[in-house]
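Enquirer: Quick one: the structure is below, and I'll ask about it shortly.
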Amino acid sequence: MSNGKLSKRTWFNIALFSFMGGVAWNLENMYFNTFLYSSIYGGASSEAMANVMAPTTAISRMVALSAVTAVVTTFIMGTLSEKMKKRKVFISFGYIIWGIITAAFGFISKESVASIFGLSDEVQILATTVWIVIVMDMIMTFMGSTSNDSAFNAWLNDVTNPLVRPKVETALMFVGLFSMLAVMGVGSLAQAETISYTVFFVGLGLIVTLCGVIGLFSLDEPEIKGEKTNSNYWADLFYGFRPSVIKENSKLYLVLAALGIYNIAIQVFFPYLFVYLGEVIIPGAVFDVKTIIVAVIAVALLAAGVIGMLKAADKNRFVTYLCTIALFIIGLIILSTSTDIVVVLLGIAPTLVGYVVIHIQLTATMRDFIPEDKVGLFQGIRMIFVVLLPMIIGPALGDLACRTSNITIIEYGAEKLVPSTSMFAYAAVVAAFILIPMIILNKKKGFKKEN
């Protein structure tokens, strides 16, 4: 890389590993939840439902435990990769195993669990299967965090500089959206039972494994700042918690605080989003001409909004942040008012503009403030704000919103709790707090940093 330009090979690896990482993470974040809700809890009796935790609570606990696993893993493996000055081995072999574990989810069912463990009581079968899914999710997260959260994210810092990072983050965001759409496309077939969850998980898992194999040949070790040292591994593990380090990198921690609040707001509704769409919105949706027109307008507004906001950010990043945060909150408020498909589509446009632009700008700014010779040491700290706190606090707030609203459906004669619009209202309140670290960072002239 020179003069802020990346080679075609580097762009290829960025696109490949971000897309396939997005496939794996979206598969976990969206469809493990629907798999747990629809397949594992599906068909359970009223007695089993009454004696096992509610499905939204199970989703909340799975997300929270996955977050803890992700952060602990990133601290351990991120520090190890920094100490070894190696990225390729963690990325490639990590993706290979990550895909294999993902594929294994295709073979989890109440029937298989009952057969393997010799269970006959329905309550025990359901409870055991739920916890097997949760534990397997933690194992998958370990591999994903090793390869993607720690190694690949550190690699991105290694191969980019402040001149290209906004472009790279923009590309990553849109590649992430494409990977989400790809997973949604295949996942909708599984939800509609056109294909089985076995085919769904095995197929996408093996593609992630193939990505890791390709990486063995396409990835080169980047030039990592600093030399191998004999510093104490355990001291390095807790480097980012030192008061002197926090003080020296105060702007970085303010950006991380903003990212943390932003991700908490996202996680209030995201773990339940596809259950909400599938159980509440789509069954009652009327896709008439009016709805289609509104959908087209929403997509046009999304594209125009993202492009306009990113261009505006070049002139005044702080004002752009304020505008996109406002759009994000407005969109969430609209979504909280109704389950009508037209209202939902109108709310999605400003919500997604805020979601995309805030993420791009905050993540690019965060990378700028990470010391170049300590990239691996800060990956665990990043995960605390981006994953741990959001995925513990957010889903718990979402679960509270759903249980407080107490909207249920009857499935196979059993009452089943479904997500409600109130989760968007909770998310809007949380999102307003993003302004606090942003205002403090602006006073510290954090947006004046040359990119």
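Enquirer: Out of segment 167-199, which residues are touching a residue at least 60 places away in the same chain (Cβ under 8 Å), surrounded by fewer than 15 Cβ atoms within 10 Å (Cβ to Cβ) and small (Gly, Ala, Ser)?
Expert: Scanning segment 167-199 gives a single hit, Ser196.
Enquirer: What are the residue pairs meeting all of these: first residue in segment 377-398, first residue without any contact (Cβ under 8 Å) to a residue 12 or more places away in the chain, second residue in a helix (DSSP H, G or I) and not acidic (Asp, Glu), Cβ atoms under 8 Å, and 6 or more apart or on different chains?
Expert: Correct list of pairs: empty, since none qualify.
Enquirer: Could you count how many residues in segment 185-198 are among the aliphatic types (A, V, I, L, M), in a helix (DSSP H, G or I) and touching a helix residue (DSSP H, G or I) at 6+ places or on another chain (Cβ under 7 Å)?
Expert: Selection size over segment 185-198: 2.
Enquirer: Only residues that are surrounded by 11 or more Cβ atoms within 10 Å (Cβ to Cβ), among the basic types (Lys, Arg) and either in a helix (DSSP H, G or I) or at pLDDT below 70 (or both): list them for segment 231-254, please.
Expert: Selection gives Lys251 alone.
Enquirer: Please tell me if Ser115 is in contact (Cβ under 8 Å) with a residue 40 or more places away in the chain and on the phi < 0 side of the Ramachandran plot.
Expert: no
Enquirer: Further question: Does Asp121 satisfy the criteria of being in contact with a helix residue (DSSP H, G or I) (Cβ under 7 Å, 6 or more places away or on another chain), at pLDDT 80 or above and acidic (Asp, Glu)?
Expert: Answer is no for this residue.
Enquirer: Hey, could you check segment 331-370 for residues that are more than 22 Å from the chain's Cα centre (by Cα) and β-branched (Val, Ile, Thr) and say which is nearest to Pro166 (Cα to Cα)?
Expert: Ile334
One line per residue, one yes/no per condition, for (1) part of a helix (DSSP H, G or I); (2) more than 18 Å from Val135 (Cα to Cα); (3) in contact with a Lys or Arg (Cβ under 9 Å, 6 or more places away or on another chain); (4) hydrophobic (A, V, I, L, M, F, W, C):
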site	(1), (2), (3), (4)
Ile14	yes, yes, no, yes
Asn29	yes, no, no, no
Thr34	yes, no, no, no
Ser39	yes, no, yes, no
Glu47	yes, yes, no, no
Ala70	yes, no, no, yes
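Enquirer: Restricting to segment 210-221, and then to whatever is modelled with pLDDT of 90 or more and surrounded by 20 or more Cβ atoms within 10 Å (Cβ to Cβ), can you tell me which residue is nearest to Val275 (Cα to Cα)?
Expert: Cys211
Enquirer: Quick check on my filter: what residues within segment 93-116 are closer than 29 Å to Asp373 by Cβ and either among the acidic types (Asp, Glu) or crowded, with 23+ Cβ neighbours inside 10 Å (or both)?
Expert: Gly94, Tyr95, Trp98, listed by residue number.
Enquirer: While we're on this one: If I go through segment 405-439 residue by residue, how many of them are of a type in the set (Val, Ile, Thr) and modelled with pLDDT under 85?
Expert: Going through segment 405-439 one residue at a time, the tally reaches 5.
The values are calculated or read from the model by the stated rules, or taken from the named source; none is laboratory data. Quick caveat: nothing in here was measured; it's all calculated off a predicted structure. Using ideal geometry, Cβ is built from the backbone for each residue, glycine included, and neighbour counts are taken over all protein chains shown.
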